[in-house]
Amino acid sequence: MPLTTRLLSCALLLITLNIEADEVVQIEVGETEQDARLPLAELQLFAQVFEQIRSSYVEEIDDKTLLENAIVGLLAELDPHSSFLRKESFEELQEQTSGEFGGIGIEIGMEGGFVKVISPIDDTPASRAGIEPGDLIIKLNDQTVQGMSINDAINIMRGEKGSTLSLTIARENNDGPLNFTLTRDIISVQSVRHRWLEPGFGYVRIAQFQMNTGAEFKESLSELTSADQALQGLVLDLRNNPGGLLPASVEVADAIIDNGLIVYTEGRAPSSNNRFSATPGDMLEGIPIIVLINGGTASASEIVAGAIQDHHRGVILGTDSFGKGSVQTILPLKDGRAIKLTTARYYTPNGRSIQAVSIKPDIQVERAEIRALKNTYQVREANLNKHLSAASRKSTEKKPDSKAITADNQLYEALNLLKGLKILSNKT
């Protein structure tokens, strides 16, 4: 029987029989205090605190609720990602991985007692309002978040479509708190989207790793490679992708990595030690890839970026990723409840753990607002009197899109890099 279960069982037996802790342990375990594996003093303390709350708290709380709260605290103190899932929370998690759920559209964790935004989800109330990765939520509808469990915070953020939610946010390098009022909506996450940036250069955006992400990614690659125009380079956008299902990330990496290890996991339980390798074949047949990452790139998306980087299959461009290198396993319990427990760390093919370290981009490009400067007047050959005319050929040169510069400088840099790689590959 696991240690935590034995602790709770002994505590329950203590309260039920109303006898001393050392007597219960002698009956239950048959060991002396010196040799026992259980921390007897802490077990006795737990029972004493439980009984004090049970008898003296200002409002009466039933034993079942107190024990459930104890379990919530037990998991919350392990790390920011382990948690106890009540029936409603478990159902919402299942809805989220299937791609549709209600809320404002953010992936969150806990840090220092506050709710931390890992990433806003594309095309949701949170992303449209300007919520950013790394934001700390300090108030929800005027309720202070510090000390609140992550499940309680989620329950407040969830609500009917059309209802409003007020958030107070602390943001790094900002003088004071920021206030947002968001209107809740049904969040339907489109996991994979693709388009052409320019003739020959494609773009695929993965917003979150869900059950069908691998198949959708392969379908996007098939459409780009089978188009009338030849695909010469691809931008894979993993920015603000909070992760999701590990098998989906493996399937995505497998589609563009020809062979070799993609990721491996190590934990205490034998079932947590796994290795995932690519099957032979690269759908893009070596076409250059630029992968965009930032501080909202987490977990499963870091697996993909790390595998591409270690296999030298593409260039990683942007800023440091979030650094979540742990694996959570959903363990269903009775009555539709479950626990989300961190069971392993994952490692890139070269043995790197990015837990609290991050994927470092090959080319660092900060997000910036860039505008094109107006050219001052200069005398050119065409301005000279009696200049020779050009040969009668129409120019095919395409001017850069100034809107692309100002809207997304990281994407613009990625596109320019792809063009450079294409030029070099054509040299003989």
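Since every read-out is calculated from the coordinates, none of them should be taken as a lab result. In this text the structure is predicted, and so the values were computed from the model without any measurement. All Cβ positions, glycine included, derive from the backbone under ideal geometry; neighbour counts span all protein chains shown.
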Report task. Per residue of the range 413-421, in order, report the coupling 6.51 cos²θ - 1.76 cosθ + 1.60 (Karplus, θ = phi - 60°) as ³J(HN,Hα) in whole Hz, putting x for Gly and Pro. Result -> 5, 4, 5, 4, 5, 4, 4, x, 4
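What ranking of LEU75, LEU333, LEU424, LEU231 emerges when the number of other C-beta atoms within 10 Å of each C-beta is taken as an exposure proxy, fewest first? Walk me through the intermediate numbers first.
Details: LEU75 21, LEU333 13, LEU424 9, LEU231 18.
Arranged by neighbour count, lowest to highest, LEU75, LEU333, LEU424, LEU231 become LEU424, LEU333, LEU231, LEU75.
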Query raised in the report: What ranking of PHE84, PHE180 emerges when the number of other C-beta atoms within 10 Å of each C-beta is taken as an exposure proxy, fewest first?
Result: PHE180, PHE84
Requested in this report: Would you pull out the residues with amide H under 5 Å of SER119's amide H, same chain only if 5 or more places away, H placed 1.01 Å from N?
Outcome: GLU107
Report task. Starting from the amide H of GLU111, placed 1.01 Å from N in the peptide plane, find each other amide H under 5 Å away whose residue is 5 or more places distant or on another chain. Result -> LYS116
Report task. Report the extension gain between GLN355 and GLU51 in nm, rounded to one decimal, defined as 0.36 nm multiplied by the number of residues separating them, less their alpha carbon distance. Result -> 105.5 nm
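Here are some pairs, LYS64/LYS340; LYS139/LYS218; LYS139/LYS340; which of them have Cα atoms lying more than 32 Å apart in this structure? Don't skip to the answer; put the middle values down first.
Details: LYS64/LYS340 20 Å; LYS139/LYS218 41 Å; LYS139/LYS340 25 Å.
Beyond 32 Å between Cα atoms: LYS139/LYS218.
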Requested in this report: Report the one residue of ILE293, ASN273, MET283 whose Cα lies farthest in the direction of the positive end of the charge dipole of the range 244-331 (charges on C-beta: Lys and Arg +1, Asp and Glu -1; origin at the Cα centre).
Outcome: ASN273
Report summary line: Normalised per residue, the volume inside the convex hull of the alpha-carbon atoms of the range 225-302 in Å³ amounts to 107 Å³
Query raised in the report: Ratio of the range 192-364's C-alpha Rg to 2.2 N^0.38 Å, to two decimals?
Result: 1.03
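For the range 166-294, what's the relative contact order in percent, using C-alpha pairs closer than 8 Å and at least 6 residues apart? Spell out each step's value before the answer.
Numbers: 214 pairs, mean separation 26.9, N = 129.
Once normalised by length, the contact order is 21 percent.
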Query raised in the report: What list of ³J(HN,Hα) couplings, whole Hz, do you get for the range 38-48 from phi and the Karplus terms 6.51, -1.76, 1.60, once you set θ to phi - 60° and write x for glycine and proline?
Result: 7, x, 5, 5, 5, 5, 5, 4, 4, 5, 5
Query raised in the report: Hey, how many Å between the Cα centroid of the range 255-293 and the Cα centroid of the range 155-169?
Result: 38 Å
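Want the number for ARG380 to GLU42: 0.36 nm per residue separation, take away the alpha-carbon distance, what's left?
Here the segment from ARG380 to GLU42 would lengthen by 113.2 nm.
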Query raised in the report: Residues with amide H under 5 Å of ILE316's amide H, sequence separation 5 or more or different chain, H placed in the peptide plane at 1.01 Å from N; which?
Result: VAL291, ASP362, ILE363
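Kindly rank 109-115, 65-71 from highest to lowest mean number of other beta carbons found within 10 Å of each residue.
Details: 109-115: 17.0, 65-71: 14.1.
Output ranking for 109-115, 65-71: 109-115, 65-71.
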Query raised in the report: By how many nm would the segment from ILE370 to ASP175 grow when fully extended, if each residue of separation counts as 0.36 nm and the alpha-carbon distance is taken off?
Result: 67.8 nm
Query raised in the report: Could you give the nm distance between label points at ASN259 and GLN229, where each point is 7 Å from its Cα heading toward the beta carbon?
Result: 3.5 nm
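So what is the diffusion coefficient of the range 257-307 in µm² per second by Stokes-Einstein at 37 °C and 0.692 mPa s, using a Kirkwood Rh over Cα pairs?
Working: Rh = 12.9 Å.
The Stokes-Einstein estimate is 254 µm²/s.
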**Report entry** Fewest-first sequence of ASP258, ASP142, ASP310 by Cβ atoms within 10 Å of each Cβ
**Finding:** ASP142, ASP258, ASP310
